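Read through the structure below, which is laid out as structure tokens, and then see the notes.
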Amino acid sequence: MCGIVGLLVKNPKMRANIGELMLPMLIGMTERGPDSAGLAIFGAPVGDEERKFSLYASEADFNWQKLAHDFLTHLGSKVVSFNQKVNHAVLTTHLDPETVKIWLHEHYPQVHLLAIGQLMDIYKDVGTPAEVAARYDFSQLTGSHLVGHTRMATESAITPAHAHPFTAGQDWCLVHNGSLSNAPSLRRKLQHEGIMFETDNDTEAACRFLEWRMREGDDLKTALEHGFEELDGFYTLLMGTKDQLALVRDPFACKPAVVAEHDDYVAIASEFRSLAHLPDIKNAKVFEPSPKEMYVWKV
Amino acid sequence: MESIKYDLAKTPLREVNQFLHSDASVLNGKHIDIQNPNGAHNIAVGLKSEAKVNIHGHAGYYAAGMNQIADVTIEGSVGAGVAENMMSGRVHVKGFASNAAGATAQGGLLVIDGDAGLRCAISLKGADIVVGGSVGSFSAFMAQAGNLVVLGDAGEGLGDSIYEARLFVRGKVKSLGADCEVKTMGPEERKILVDLLSRSGHSDVSPESFTLYGSARTLYHFNVAKSGAY
């Protein structure tokens, strides 16, 4: 199974409450995905020259203070901010992504780099959606749009790294409900192209495929058209970029999705029960997206 | 008619469904209103009395599944499998229906005012289904008996491997499935169509605007000339 949720808030007054609006959406998808949950939130951008690095350490007692201290010592006073929440941390710095990646790999190989961007923060962990949301204060999040996922693992292990969203490039993420039957062959093909994998998860293969297509010059639409040809299996994919949400369903519509378009927001979920609580939902245009069609909503 | 109200925001669904499974002597002639369905699954499944049920909002999966005798109206949309395996009675969806609407239904009437998703009327076994909008791909796959009336368009592979069900489509058919072909609408089929249009609130729609599809019956018997293909 698995559940997906997406929320794009058009009314600027409501952006301060996006976390609160979203929370029942994610919890509403608990039956579809009780073993892990994750969220990518697009908030206020950092400065032009700055980048946010979302980090995760599997040890609960990981010494983040030491990491922050070592980072400063080794790389100079280039840390703009360092915000830690349980075993996640968001590091903001002027340094370029390659420098940070290499430094992390050399000094803290056990730390996962979840995402890089100017707007996007990612949190993902094992536990029920309610537990994960409480652990990382999802209800307090602010921002313009978000992508969330609740996981019922069917093809690979239950670990935070296997939870969704997956990311590719900067300020870009993907969640997936479904399963891909050609993920291993896709991985082999992409590994020949020099694409690196962090897990054996099938969604990561889809994510790296789209990353590769966009690296080769495709825009998102063209990359997804290539995806329809190459991805074999069932999927509803929801993607977040710095200024849009995008949704596609496989040609057989094996996996569900429902959309509610309202003057104040656009909300997407696997099922209506995650949308029922949204303000003035009675006046929203509720519809089921067609298979093999790409839907895009701009902030 | 005596009216009973339930609010799913206050009463657990199981309690409501258990009441709906009371003895027919308790339920016959009753009108039951269900507020705040909020997309819950399995609302009003397996009813078997002469009750009228109104669901005020959007329902989730398998709404009014396995219905017998009862008359269930959903004021909003429904998830996958509405009225699946219905035996008799009437189910009316005022919004849209997701995939597999009326799957394997053996009797009764399913009316969907909006669109229906993929695989509508899959393996239909005798029920009547009228869709005011369009149906998605692979609808009426292996449909054995009964009637599917579509006022809008049909997607790919309509009526693939169909047996003796009748498919009346007013709009365009993207493609027909294996062994499904256009049929001539005779007086008998026209009468069935007129009756279904009238019972589903579409008596103003001309039966002449529909095309009838059915089985070419070429898959009924094993064809030895094609044995190499297996």
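Summary of values
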| read-out | value |
| --- | --- |
| A:Asp243 being surrounded by fewer than 21 Cβ atoms within 10 Å (Cβ to Cβ), more than 12 Å from chain B (Cβ to nearest Cβ), of a type in the set (Asp, Glu) and touching a strand residue (DSSP E or B) at 6+ places or on another chain (Cβ under 7 Å) | yes |
| Where A:Phe234 falls short, out of the listed (1) more than 14 Å from chain B (Cβ to nearest Cβ); (2) assigned to a strand (DSSP E or B); (3) among the hydrophobic types (A, V, I, L, M, F, W, C) | (1) |
| Residue check for A:Asp202: at pLDDT 95 or above and more than 14 Å from chain B (Cβ to nearest Cβ) | no |
| Selected residue (only one of B:Val130, B:Val91, B:Val111 is under 18 Å from B:Ala40 (Cβ atoms), under 9 Å from the mean Cα position of the chain (by Cα) and at pLDDT 95 or above) | B:Val91 |
| Enumeration of residues in segment B:132-160 that are closer than 25 Å to A:Val286 by Cα and either within 14 Å of another protein chain (Cβ to nearest Cβ) or polar (S, T, N, Q) (or both) | B:Gly133, B:Ser134, B:Val135, B:Gly136, B:Ser137, B:Phe138, B:Ser139, B:Gly152, B:Asp153, B:Ala154, B:Gly155, B:Glu156 |
| Residues that are crowded, with 19+ Cβ neighbours inside 10 Å, touching a helix residue (DSSP H, G or I) at 6+ places or on another chain (Cβ under 8 Å) and either among the charged types (D, E, K, R) or not assigned by TED's automatic domain parsing to the domain that holds A:Lys85 (or both), drawn from segment A:41-70 | A:Ile41, A:Arg51 |
| Elements of type strands (runs of 3 or more DSSP E) contained in segment A:29-119, each with 2 or more residues being under 30 Å from A:Ala157 (Cβ atoms) and hydroxyl-bearing (Ser, Thr, Tyr) | A:51-57 |
| Some residue of segment B:32-44 being in a loop (DSSP other than H, G, I, E, B), crowded, with 20+ Cβ neighbours inside 10 Å and more than 14 Å from chain A (Cβ to nearest Cβ) | yes |
| Any hit, segment B:163-170, residues being more than 14 Å from chain A (Cβ to nearest Cβ), touching a helix residue (DSSP H, G or I) at 6+ places or on another chain (Cβ under 6 Å), free of Cβ contacts under 8 Å to residues at least 60 places away in the same chain and assigned to a loop (DSSP other than H, G, I, E, B) | yes |
| Meets criteria (at positive phi and of a type in the set (Lys, Arg)) for B:Arg119 | yes |
| Qualifying residue in segment A:16-24 (condition: in a helix (DSSP H, G or I), surrounded by fewer than 23 Cβ atoms within 10 Å (Cβ to Cβ), acidic (Asp, Glu) and over 22 Å from the mean Cα position of the chain (by Cα)) | no |
| Residue check for A:Gly38: among the small types (Gly, Ala, Ser), in contact (Cβ under 8 Å) with a residue 24 or more places away in the chain and either within 25 Å of A:Cys207 (Cα to Cα) or outside the structural domain of A:Asp171 (by TED's automatic domain parsing) (or both) | yes |
| Selection within segment B:113-131 - of a type in the set (D, E, K, R), under 17 Å from B:Lys94 (Cα atoms) and out of contact with any strand residue (DSSP E or B) (no Cβ under 6 Å at 6 or more places or on another chain) | B:Asp113, B:Asp115 |
| Selected residue (only one of B:Ala105, B:Ala100, B:Ala80 is part of a loop (DSSP other than H, G, I, E, B), among the small types (Gly, Ala, Ser), in contact with a Phe, Trp or Tyr (Cβ under 9 Å, 6 or more places away or on another chain) and surrounded by 21 or more Cβ atoms within 10 Å (Cβ to Cβ)) | B:Ala80 |
| Members of segment B:176-230 found to be among the charged types (D, E, K, R) and in contact (Cβ under 8 Å) with a residue 40 or more places away in the chain, listed by number | B:Asp179, B:Arg199 |
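Residues are listed down the side, and each one gets a yes or a no for (1) within 16 Å of the chain's Cα centre (by Cα); (2) surrounded by 15 or more Cβ atoms within 10 Å (Cβ to Cβ); (3) over 28 Å from A:Leu23 (Cβ atoms):
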residue: A:Ser144; (1), (2), (3): yes, yes, no
residue: A:Pro165; (1), (2), (3): yes, yes, no
residue: A:Asn177; (1), (2), (3): yes, yes, no
residue: A:Leu180; (1), (2), (3): no, yes, yes
residue: A:Arg187; (1), (2), (3): no, yes, yes
residue: A:Gly194; (1), (2), (3): no, no, yes
residue: A:Ala205; (1), (2), (3): yes, yes, yes
residue: A:Arg208; (1), (2), (3): yes, yes, yes
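The values are calculated or read from the model by the stated rules, or taken from the named source; none is laboratory data. The model shown is predicted, which means the values in this text are computed figures rather than measured ones. Cβ atoms come from the backbone with ideal geometry, glycine included; neighbour counts cover every protein chain shown.
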